[in-house]
Amino acid sequence: MRVIREYKRAESLEEAWQLNQKKSNRVLGGMVWLKMGKMQIGMAIDLSGLGLDTIEETGEEFRIGCMVTLRDLELDPGLNSYTDGAARESVRHIVGVQFRNLATVGGSIYGRYGFSDVLTMFLAMDSYVELYKGGIIPLKEYAKMPYDRDILVRLIVKKEKAAFDYQSVRNSQTDFPVLTCAAAKTEAGYRFSIGARPGKAVLFELTDADIQAADVENMAENAAKCVKEQVETGSNTRGSAEYRKHLAGVLVRRAVCKLAGK
């Protein structure tokens, strides 16, 4: 059980940032993962009054506030139309509707959890994080950065001419994934994000020349081989490193076959 000594509903991002500089203080997202720890929290900082719970769509991008819930992602018509339903697929297995009504995009992305379906999905897209002090940073760079005391304001997804697919393997319907794979077919080639390795998601970018073949089946096989050779996997109670590496090849192969129209 966590003990929270003080609670503050921030009135501005500056106030939230100032309060968050103290190591014992924590920004609240949906509080669904944070509550699992035992460390005492000096002050819980609530961002819910700052208007960061909306998904804004323009002709060029989606701007997803840090307090947008996973249920909002699941139901958003614009985002799901753009991703061919992949955004919905990436979150629909996460525990249950009640949980997804609490868990936030900001908490999922900031946490960079190894099991995060959300990080896996958006890493395969042309995504950026907006930090209050750090500015706008590509998600693929942010995913590698150490944790700091900045405030994650929103996730920005640039629209591009692309098709998307999301797959995961789970031992049971609402369990943590054994492995996740998000794929994007772009004009430059393919992007594959592999998560739940069990480490946090990593990105692989392949050009058409990298996997060139006479037919879709062989192209898919070439892509699977490239990713399997590069991806680092580990073992835990849900699966062995060898099994995860095998799954990475299987999911990449399926994604290429689907996105290539087979």
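Having 2 or more residues that are farther than 20 Å from Ala183 by Cα is the bar; report the helices (runs of 4 or more DSSP H) wholly within segment 1-96 that clear it.
Qualifying helices (runs of 4 or more DSSP H): 13-20, 70-75.
Restricting to segment 191-203, name every residue that is more than 10 Å from Thr120 (Cβ to Cβ) and surrounded by fewer than 21 Cβ atoms within 10 Å (Cβ to Cβ).
Gly199
Count, please, the residues in segment 94-122 that happen to be touching a Ser or Thr at 6+ places or on another chain (Cβ under 6 Å) and either surrounded by fewer than 19 Cβ atoms within 10 Å (Cβ to Cβ) or without any contact (Cβ under 8 Å) to a residue 60 or more places away in the chain (or both).
So the count comes out to 3.
Might you let me know whether segment 55-68 holds any residue that is under 13 Å from the mean Cα position of the chain (by Cα) and either of a type in the set (A, V, I, L, M) or open to solvent by 10 Å² or more (accessible area, probe 1.4 Å) (or both)? Steps first, answer last, please.
Applying the first criterion (under 13 Å from the mean Cα position of the chain (by Cα)) to segment 55-68 yields 64, 66.
Restricting the remaining residues to those that are either of a type in the set (A, V, I, L, M) or open to solvent by 10 Å² or more (accessible area, probe 1.4 Å) (or both) gives 64.
Yes - at least one qualifying residue is present in segment 55-68.
For segment 229-259, give me the residue count where each residue is part of a helix (DSSP H, G or I), open to solvent by 20 Å² or more (accessible area, probe 1.4 Å), touching a residue at least 24 places away in the same chain (Cβ under 8 Å) and closer than 23 Å to Lys144 by Cβ.
Here the count works out to 1.
Could you look through segment 142-190, keep only residues that are without any contact (Cβ under 8 Å) to a residue 60 or more places away in the chain and among the polar types (S, T, N, Q), and pick out the one that is most open to solvent (accessible area, probe 1.4 Å)?
Here the residue is Ser172.
Within segment 1-50, restricting attention to residues that are open to solvent by less than 60 Å² (accessible area, probe 1.4 Å), at pLDDT below 95 and polar (S, T, N, Q), which residue is farthest from Gly106 (Cα to Cα)?
Ser24
The values are calculated or read from the model by the stated rules, or taken from the named source; none is laboratory data. Please read all numbers here as calculations on a predicted model, not as lab measurements. Reconstructed Cβ throughout: ideal geometry from the backbone, glycine too, with neighbour counts over all protein chains shown. The area values use the complete protein model at the heavy-atom level, side chains included, leaving out ligands, DNA and RNA. Shrake-Rupley method; radii C 1.70, N 1.55, O 1.52, S 1.80 Å.
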